[in-house]
1. Out of everything in segment 232-289 that is of a type in the set (A, V, I, L, M, F, W, C) and part of a helix (DSSP H, G or I), what residue ends up being nearest to the ligand (Cβ to nearest atom)?
2. Out of segment 58-110, which residues are of a type in the set (S, T, N, Q), more than 16 Å from the ligand (Cβ to nearest atom) and either under 30 Å from T43 (Cβ atoms) or not assigned by TED's automatic domain parsing to the domain that holds G31 (or both)?
3. Quick check: is even one residue across segment 158-165 within 15 Å of the ligand (Cβ to nearest atom), modelled with pLDDT of 95 or more and over 23 Å from A24 (Cα atoms)?
4. Determine which member of the set A169, A173, A211 is modelled with pLDDT of 95 or more, within 11 Å of the ligand (Cβ to nearest atom) and either part of a loop (DSSP other than H, G, I, E, B) or surrounded by fewer than 21 Cβ atoms within 10 Å (Cβ to Cβ) (or both).
5. Can you report the number of residues in segment 176-200 which are surrounded by 15 or more Cβ atoms within 10 Å (Cβ to Cβ) and more than 17 Å from the chain's Cα centre (by Cα)?
6. Could you say which residue among A247, A256, A243 is touching a residue at least 12 places away in the same chain (Cβ under 8 Å), among the small types (G, A, S) and buried (at least 20 other Cβ atoms within 10 Å of the Cβ)?
7. Here is a list: S264, S305. Which entry is in contact with a helix residue (DSSP H, G or I) (Cβ under 7 Å, 6 or more places away or on another chain) and either of a type in the set (S, T, N, Q) or at pLDDT below 95 (or both)?
Amino acid sequence: MNKTENIWVNGRLVAWDQAQVHVATHALHYGSSVFEGIRAYETGNGSAIFCLDQHVDRLFTSAKVYRMEIPYTKEEIRQAIIDTVRANKHRACYIRPLVFRGLGALGVNPQACQVEVAIITIEWGRYLGPEAIEQGVDVGISSWQRMAPNTFPAAAKIGGQYINSQLIAMEAAEHGYAEGIALDSNGFVSEGSGENIFVVRNGSILTPPLASSILQGVTRNCVITLAEDLDHQVREELIPREALYMADEVFFTGTAAEITPIRSVDHISIGNGHRGPVTGRLQTEFFGITGGQIPDRHGWLTPVS
Ligand code: PMP
């Protein structure tokens, strides 16, 4: 990770090396944070932040579920994100707003701790490797399942929950896979450690419902919209594991992973083992809009300058 010049911390821009926390910070001990991952793209007409409002909304709903009061308004956070991207003179970048419980108590109950906010921006390329977008990735089903609905609120993007994602990601890497797919507590397909998943079969597009312990991805919502623009119906449905092996196409969506084809699951080839036509058409729309070659018909881009 390369340093950037500025990090926004509690209302002001500070130098990278100054953006530090105390070791008694509650979030370090108990994962008491909520966060977002957002991308800014070079559109050919300056950089623009993708789905900024949707991400800021999710940050606030994650905080609400976790009973955390963010000491800024949505508009202030939105502006702070734009200011940080601008201050670091990024053309394209990954943006990480982080809200965390700081000092105040070492006990488990976090309510005595102050709530702090940071916004980090970094240059970041293809999350699952440079060839992944065209060639697709090889993945495996994880032996770790996603959290059951009555254990953690999977739809809220809470730091501590990412221990589950880390276990999935580390196991996948140990097995030589680019990523792992977790099943939900009933054995249906849930999602990757940091991506939602879509399955294409006989022209129909399926994706797991919120009840399968998924994060309701911003990219997932955009891909559903783009699929509908292309006259495909997307159904949110429980997906058994074998539906992945039987699919014509499978792909991941996520801010980091964008739209990444999956070419094999558990060493079983998906379709003909190459990016399929539906995935290709969705990528053309997605990268066309984010790259500024296709008009932003859904109003997803916020110019930085
Ligand atoms: N699921 C998980 C567990 C994630 O961490 C992410 C990345 N935020 C996603 C799905 C995809 O969500 P989004 O499209 O909003 O980035």
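The values are calculated or read from the model by the stated rules, or taken from the named source; none is laboratory data. Since the structure is predicted, the reported quantities are computational estimates derived from the model, not experimental observations. With ideal geometry, Cβ positions are generated from the backbone for all residues, glycine too; neighbour counts draw on all protein chains shown.
1. Filtering segment 232-289 for residues that are of a type in the set (A, V, I, L, M, F, W, C) and part of a helix (DSSP H, G or I), the one nearest to the ligand (Cβ to nearest atom) comes out as F286.
2. T73, Q79, T84, N88 - these are the residues of segment 58-110 that are of a type in the set (S, T, N, Q), more than 16 Å from the ligand (Cβ to nearest atom) and either under 30 Å from T43 (Cβ atoms) or not assigned by TED's automatic domain parsing to the domain that holds G31 (or both).
3. Of segment 158-165, the ones within 15 Å of the ligand (Cβ to nearest atom) are 158-165.
Then drop every residue that is not modelled with pLDDT of 95 or more, which leaves 158-165.
Filter again for over 23 Å from A24 (Cα atoms), leaving 164-165.
Looking for residues that are within 15 Å of the ligand (Cβ to nearest atom), modelled with pLDDT of 95 or more and over 23 Å from A24 (Cα atoms), one finds at least one in segment 158-165, hence yes.
4. Matching residue, one of A169, A173, A211: A169.
5. The number of residues fulfilling the criteria is 8.
6. Checking each option against the conditions leaves just A247.
7. Values: S264 fails: in contact with a helix residue (DSSP H, G or I) (Cβ under 7 Å, 6 or more places away or on another chain).
So the residue among S264, S305 that is in contact with a helix residue (DSSP H, G or I) (Cβ under 7 Å, 6 or more places away or on another chain) and either of a type in the set (S, T, N, Q) or at pLDDT below 95 (or both) is S305.
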